Amino acid sequence: MKKFALSAIAAAALFGGAAHAYTVGTFSNGLVVPNVIHNGSDETTAVGLINRSATAVGVYWTFFNQNSGHEMDGCFVMTAN
């Protein structure tokens, strides 16, 4: 009986005070392109993406420097197929 009471108290402590966070976004596929260096507007890095769905898809991108500092971001729309 003592073990049952202790396990009930432990379960109440674990699950009783759980917070429910608001979900800002939903899951979607993402790609990470490592070792990309941006040295100015005269140099580019190309990444190939193919939209195989029947609808247009928005692509959101972001660039971080070697110290994980946010540099820039943007969005473009890929046409269907």
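Tabulated data
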| quantity | calculated |
| --- | --- |
| By average C-beta atoms within 10 angstrom, highest first, the peptides 50-57, 67-74, 29-36 | 50-57, 67-74, 29-36 |
| Residue exposure sequence - Thr62, Thr44 - by fewest surrounding Cβ within 10 Å | Thr44, Thr62 |
| Spacing of the two label points (7 Å from each Cα toward its C-beta) at Thr44 and Asn65, in nm | 2.4 |
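FYI, it's all coordinate maths here, none of it is from the lab. Small disclaimer: the values here were computed from a predicted structure and weren't measured. Using ideal geometry, Cβ is built from the backbone for each residue, glycine included, and neighbour counts are taken over all protein chains shown.
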